[in-house]
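The values are calculated or read from the model by the stated rules, or taken from the named source; none is laboratory data. Quick caveat, the model's predicted, so the values are computed rather than measured. A quick note on method: Cβ atoms are made from the backbone with ideal geometry, for glycine too, and the neighbour counts reach across all protein chains shown. With ligands, DNA and RNA removed, areas are computed over all heavy atoms of the protein, side chains included. Shrake-Rupley method; radii C 1.70, N 1.55, O 1.52, S 1.80 Å.
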Amino acid sequence: MPYPIVTEELDLLGRVSTLLQEVPYIVPPKEADILKDLVTLREEMAQAKSEDKGSLLTQYDASYALLKQLRSTRERPDVDPDSPYFAHLRLNEGGKVRDVCIGKATRIARGVRVIDWRNAPISRVFYAYKEGEEFEEEVGDTYIEGVVEARRTISIRRGKLERIDAPQGIWMTAGDGEWVEREREAPQMAGGQGSATRFHDENAARGRSLGTDMQSNRRRADKRLPDIASLIDPEQFELITQPSSGFVVIRGTAGSGKTTVALHRIAYLAYEDPLINGPATLFLVFSKALRDYVSHVLPALGVPKVTVSTFREWALQLRQRHFPRLPREVRDTTPAAVVRLKLHPLIGEAQQRHVDRKKGSANGEQAMDDWMSVLTDPDLLWDVFNDGAPGAFDRAELEKACQWCQDRFEEMHAKWDGDKHAPAALDLEDDALLLRAWQLRVGPLRGKGRVPLQYRHVAVDEVQDLSPVEVQVLLGCLDRRQSITLAGDTQQHVQQDGGFTSWSDFFAKLGLQGTHVNTLKIAYRSTRPIVEFAVKVLGPFWEDDAMPLTTRDGPPVELFRFTEHGACVAFLADALKVLMKEEPMASVAVLTPSKHLSGQYYKGLDRAELPRLRQVHNQDFEFAPGVEVTEVAQVKGLEFDYVVLVEVSANAYPDTPEARRVLHVGATRAVHQLWVTTVGSPSQMIREDAEV
């Protein structure tokens, strides 16, 4: 005997399918054809008699109105017969009952309503209300109110109904027209508040927990506050207490405490040397978000006067101090080959060879000339790359890159010569090259007051994403003690153009062969299932022989597949509403592969009235409880109680080294639980590694 809900949904799908077959979608005219008509009408009006101009003007106005309408609706596709909608609402508005289908396009005819979840106002009822609840919403110029009689999520593939999710249960096709009912067990994010904090006995390995009050073992509302030093494990403590002079290099997997060690090392050194707590100490981080976090942590550790910056911000400020004539504008259209050239580990060798063979005055003008000369000398670059990295560039590629740089320098000179319209800008990569050119030609960089810039200690986080020239500039700013802490993880190397291949090769390019690398082997941040998933995502690029050690178990990593993004948004809205109610102090990151998807998911979750929801545009994280939607590229170095990786599909995450590392970084941001969703076919990297 058929289930009543299944019968209802089969009938509804039949009506929608019939509509799509019998009332075909009218393909709108092409914009180019309308523009052609407008040009023709304009020419005819110019030559027409007075009595004919009125008629032509009417035609012109009609065509122009059609063009405006086309431009406002051209991105709205027709309903796809293979998967026309993903949800069904039945609304009772004062005794008047109507069915509304939620999809990714709109068709309303013959009593059938299929609406676009992204912009149709009534779709808000689906996201904001549950079955049985009363609703009141503004739709256009009117208010609608009533009761949600039915709220169901539907799966339709190739025009066939396959699954129905309703509060009453789950129904799935079993083949041959048969249906089976499953007991409803909604996936749930839970258990992170309290159990996600890393509390260990004093004999076990212990690590940091972002925003945790360890004395009460409760999550803090302010996720920026640091934890106490008693959680440092023996290996971390050994690194923190290394002598103040010399190099300390820390390698460790995500969540192993690299940043913690670097932060606490500064506090430790300041205990013996009060000058460490001042502008003579520099802490460089990868992103503005991590800069904001570190800026709040260091004061709580007793060292509030340390300079905290990203490398880009620090280098830009110094470049403008040393080369004030150069433009402040940053170029964003640089060819990839030029970026790779400017970041290549051997570009510093080319700079050194140029200075060695060309005499010049020890001033900024000569240093600037050195910078230009190296980037426009294909013979020099060819010799350097042939000696140190054969095959890195072919001759034609180098010559083309050098000519591009030559053209940009000529534009800059034209600007200086008074041509106000000449474009002039620099690349982000030029700052380090200019500062290194100054060091090689003039000497130490200058601090405020033109005194030599010398740091008592420098700490660099995520050093694997700096180029050797950038690190060389920093080394040239150390005082006689040469005190520096370098922390990084080759598994999280996302700046591919920087040329980082291995620690040994990296230090060889810096002239620091034999530098000892200390390895942290315990992954404190994430649970065992999350770490195992992240390691499998890296696949052949996982560099260690064994899995990292973990201190906690946790829920499995789960993969959820959907036919439409709107269905995924609805699923997440329901789960996250429960989580925000049960764990008001929890932090959640919904991580997408693109700004477009971030905006789409934020709008959908906002329509669902999810509390404490924020969209992060430019790493402006609040480090507070709630749900933050942003791109996975923005969260390196951060952590959240819960993480949802959105649209981990084959298109968004192809099987490439870069995509594997980006996905690895996103996964290892999760402290307690990790979910993965996809609308397209799942990425090859996760098909066997997440539970469905």
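In Å and from the alpha-carbon atoms only, list the Rg and Dmax of segment 612-668.
Considering segment 612-668 through its Cα atoms, Rg and Dmax are 12.0, 35 Å.
By per-residue mean of other Cβ atoms within 10 Å, what is the highest-first order of 162-170, 434-442, 337-345?
434-442, 337-345, 162-170
For segment 306-359, just list the percent of Cα-Cα distances falling in each 10 Å bin from zero outward, please.
Reading the bins upward from 0: 17, 33, 44, 6.
Let me spell out the model: positive unit charges on the Cβ of Lys and Arg, negative unit charges on the Cβ of Asp and Glu, origin at the Cα centre of the chain. What dipole size does that give, in debye rounded to 20?
1660
Quick one: grab Rg to one decimal and Dmax as a whole number for segment 295-400, Cα atoms only, in Å.
17.9, 55
Considering only protein heavy atoms, with the full assembly of protein chains and a 1.4 angstrom probe, order 99, 606 by accessible area, largest first.
Largest accessible area first, the list is 606, 99.
Taking the highest mean first, how do the peptides 672-682, 576-586, 82-92 order by number of other beta carbon atoms within 10 angstrom per residue? Kindly include the intermediate steps, with their values, before the conclusion.
Values: 672-682: 22.5, 576-586: 18.3, 82-92: 20.3.
Highest mean packing first, the order is 672-682, 82-92, 576-586.
Can you find, among 83, 643, 339, the residue sitting farthest towards the positive end of the charge dipole of the chain, where Lys and Arg contribute +1 and Asp and Glu -1 at Cβ?
Farthest towards the positive pole: 339.
Go ahead and estimate [θ] at 222 nm for the chain from helices alone: -39,500 (n - 2.57) per DSSP H run with n ≥ 4, summed, over the residue count, rounded to 500.
-12000 deg cm²/dmol
Less than 12 Å Cβ to Cβ from residue 250, Lys/Arg counted +1 and Asp/Glu -1: what total charge do the surrounding residues give? It would help to have the intermediate numbers written out before the result.
Working: positive: 251, 258, 265, 521; negative: 235, 238, 461, 462, 489.
Net local charge, residue 250 excluded: -1.
Can you tell me the order of 361-369, 47-55 when each peptide is scored by its average per-residue count of other Cβ atoms within 10 angstrom, highest first?
With the highest mean Cβ count within 10 Å placed first, the list reads 361-369, 47-55.
Which log10 I(q)/I(0) values does segment 249-347 give at q = 0.10 Å⁻¹ under the Debye formula, counting every alpha carbon as one identical point scatterer?
These q points yield log10 I(q)/I(0) values of -0.40.
Per the Cauchy relation, a quarter of the hull surface: what is the mean projected area of the convex hull of the alpha carbons in segment 370-436, in nm²?
Result: 5.1 nm².
Measuring from the lowest to the highest alpha carbon on each principal axis, how far does segment 82-162 reach, largest first, in angstroms?
36, 25, 23
Going from the alpha-carbon gyration tensor of the chain, what semi-axes, largest first and in whole Å, does one get by taking the root of 5 times each eigenvalue?
Three semi-axes, in Å: 52, 38, 22.
Where both partners of a DSSP beta bridge lie in the chain, what percent of those bridges are antiparallel, to the nearest 5?
Details: 40 of 90 bridges.
Around 45 percent of the beta bridges assigned by DSSP in the chain are antiparallel ones.
Compute the distribution of all C-alpha to C-alpha distances in segment 583-692, in bins of 5 Å from 0, and list the percent of pairs in each, rounded to whole numbers.
2, 12, 24, 26, 20, 11, 5, 0
Taking +1 at the Cβ of each Lys and Arg and -1 at the Cβ of each Asp and Glu, which of 615, 599, 18 sits farthest along the dipole of the chain towards its positive end, judged by Cα position relative to the Cα centre?
615
Under the √(5λ) rule applied to the eigenvalues of the Cα gyration tensor, what semi-axes describe the equivalent ellipsoid of segment 393-540? Give them in Å, descending.
Its equivalent ellipsoid spans semi-axes of 35, 24, 15 Å.
With 5 Å bins from zero, work out the P(r) of segment 503-618 over every alpha carbon pair and list the percent per bin.
Bin by bin from 0 Å, the calculated values are 2, 9, 13, 14, 14, 15, 12, 9, 6, 5, 3, 0.
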